[in-house]
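Engineer: A single structure is presented below for examination.
The values are calculated or read from the model by the stated rules, or taken from the named source; none is laboratory data. Keep in mind that this is a model prediction, so the values were computed, not measured. Note that we place each Cβ from the backbone using ideal geometry, even for glycine, and neighbour counts take in every protein chain shown.
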Amino acid sequence: MTQDDKQARIALVTGAGSGIGRACSLALAEAGWQVVLAGRRLEALQKTAAAASHPANCLPVAADVSRPEEVRALFERVEADYGRLDLLFNNAGLFVPSVPIDELPVEQWRTSVDVNLTGSFLCAQAAFRLMKKQSPRGGRIINNGSISAHAPRPNSAPYTATKHAITGLTKSLSLDGRAFDIACGQLDIGNALTDMARPMTQGVRQANGQMAVEPTMDLKQVADALLCMASMPLSANVQFMTVMATAMPFVGRG
């Protein structure tokens, strides 16, 4: 690593192997950040790095954010390689099958909580530890909240509950980070065209029980929003930002 690398801003993106995580990682790398790509599948992370215009700006590290020991190893790697962390994008998350709540296996509920909520907590906790002691002190945490942090879809209790909880986590981190120059905000994303969102172009169930095609937006708009939040000086913070397909049924949903 060169001296210039050491002076670069260091970002860690979870869920960087596909979709929103990949798009945001590539945008950060293009903007000159050194980006640690975290996710469960090393091969997918390597594909993200290979897609960067400067692959050397990306460091793939396999880690399951729901496992404390793997999160600990991930942040030890960040500290060992770069000595600091300027940005954590808590993006890793998953959906469980959409079924009526009385048919939902508790194991699927726990999986959703473990990844979507506990994983974000574990990474934020590790980021706090590093950001408090590094010099210069401080950094920024951005949580992927989702539109589901505001309004549910039918049969989505696990995902919706975890995303509402992310909002509480964001507020707590924002408050607790003040004394240590740690800023925390939340990016709520609606209908970005990822593989997971592609069924929306065919039709998804609405609150009234009907099926309807929903508009989507390009992932570039999500990456641009993240870059906007990440580029703020630590003296300023975007607390909450919603970026969505303009005509999606969110305002007035139901």
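Engineer: What about residue 80, is it touching a residue at least 60 places away in the same chain (Cβ under 8 Å) and either more than 23 Å from residue 94 (Cβ to Cβ) or crowded, with 16+ Cβ neighbours inside 10 Å (or both)? Give the steps one after another, and end with the answer.
Structural biologist: Working: touching a residue at least 60 places away in the same chain (Cβ under 8 Å): no; either more than 23 Å from residue 94 (Cβ to Cβ) or crowded, with 16+ Cβ neighbours inside 10 Å (or both): yes.
Answer is no for this residue.
Engineer: Can you spot a residue in the stretch 43-53 that is over 15 Å from the mean Cα position of the chain (by Cα) and modelled with pLDDT under 95?
Structural biologist: yes
Engineer: Okay, next question. Are any residues in the stretch 70-128 out of contact with any Cys (no Cβ under 7 Å at 6 or more places or on another chain) and of a type in the set (Val, Ile, Thr), and if so, which ones?
Structural biologist: Of everything in the stretch 70-128, those that are out of contact with any Cys (no Cβ under 7 Å at 6 or more places or on another chain) and of a type in the set (Val, Ile, Thr) turn out to be 78, 96, 99, 101, 106, 111, 113, 115, 118.
Engineer: Something else: What single numbered condition from (1) farther than 19 Å from residue 182 by Cα; (2) surrounded by fewer than 21 Cβ atoms within 10 Å (Cβ to Cβ); (3) touching a Ser or Thr at 6+ places or on another chain (Cβ under 9 Å) fails to hold for residue 58?
Structural biologist: (2)
Engineer: If you don't mind, another one. If you go through the stretch 18-27 one residue at a time, do you hit one that is on the phi > 0 side of the Ramachandran plot and not polar (S, T, N, Q)?
Structural biologist: The initial filter retains those residues of the stretch 18-27 that are on the phi > 0 side of the Ramachandran plot, namely 19.
Now drop any that are not not polar (S, T, N, Q), which leaves 19.
Yes: the stretch 18-27 contains one or more residues that are on the phi > 0 side of the Ramachandran plot and not polar (S, T, N, Q).
Engineer: Next question. Just give me the residues in the stretch 227-249 being more than 14 Å from residue 183 (Cα to Cα) and either crowded, with 18+ Cβ neighbours inside 10 Å or not hydrophobic (A, V, I, L, M, F, W, C) (or both), in sequence order.
Structural biologist: Scanning the stretch 227-249 gives 242, 243, 244, 245, 246, 249.
Engineer: List every residue pair whose Cβ atoms lie under 8 Å apart, where the two residues are 6 or more positions apart in sequence or sit on different chains, the first residue falls within the stretch 48-72 and is within 15 Å of residue 91 (Cα to Cα) and without any contact (Cβ under 8 Å) to a residue 60 or more places away in the chain, and the second residue, located anywhere, is among the charged types (D, E, K, R) and outside any helix (DSSP H, G or I).
Structural biologist: So the pair list comes out as 62/40; 62/41; 63/40; 64/40.
Engineer: Do we find that residue 122 is surrounded by 20 or more Cβ atoms within 10 Å (Cβ to Cβ) and within 27 Å of residue 148 (Cα to Cα) in this structure?
Structural biologist: yes
Engineer: Could you list all residues from the stretch 198-226 that are surrounded by fewer than 18 Cβ atoms within 10 Å (Cβ to Cβ), at pLDDT 85 or above and assigned to a helix (DSSP H, G or I)?
Structural biologist: Those that are surrounded by fewer than 18 Cβ atoms within 10 Å (Cβ to Cβ), at pLDDT 85 or above and assigned to a helix (DSSP H, G or I): 220, 221, 224.
Engineer: I'm trying to understand the selection: among the residues of the stretch 172-197, which are surrounded by fewer than 18 Cβ atoms within 10 Å (Cβ to Cβ) and either in a strand (DSSP E or B) or free of Cβ contacts under 8 Å to residues at least 12 places away in the same chain (or both)?
Structural biologist: If the condition is that a residue be surrounded by fewer than 18 Cβ atoms within 10 Å (Cβ to Cβ) and either in a strand (DSSP E or B) or free of Cβ contacts under 8 Å to residues at least 12 places away in the same chain (or both), then 172, 175, 178, 179 are the ones that fit.
Engineer: Sticking with this structure for a sec: Assuming residue 8 fulfils every condition listed in (1) among the small types (Gly, Ala, Ser); (2) surrounded by fewer than 19 Cβ atoms within 10 Å (Cβ to Cβ); (3) modelled with pLDDT of 95 or more apart from one, which condition is it?
Structural biologist: (3)
Engineer: Tell me yes or no: at least one residue of the stretch 12-33 is at pLDDT 95 or above, surrounded by fewer than 23 Cβ atoms within 10 Å (Cβ to Cβ), over 21 Å from residue 189 (Cβ atoms) and in contact with a Ser or Thr (Cβ under 9 Å, 6 or more places away or on another chain).
Structural biologist: Among the residues of the stretch 12-33, not one is at pLDDT 95 or above, surrounded by fewer than 23 Cβ atoms within 10 Å (Cβ to Cβ), over 21 Å from residue 189 (Cβ atoms) and in contact with a Ser or Thr (Cβ under 9 Å, 6 or more places away or on another chain), which makes the answer no.
Engineer: Return the residue satisfying two criteria in turn: it lies in the stretch 79-106 and is within 17 Å of the chain's Cα centre (by Cα) and aromatic (Phe, Trp, Tyr), and of such residues it is farthest from residue 126 (Cα to Cα).
Structural biologist: We begin by selecting, within the stretch 79-106, every residue within 17 Å of the chain's Cα centre (by Cα); these are 85-95.
Right, trim to aromatic (Phe, Trp, Tyr) and you get 89, 95.
Values: 89: 13, 95: 24 Å.
Out of the qualifying residues, it is 95.
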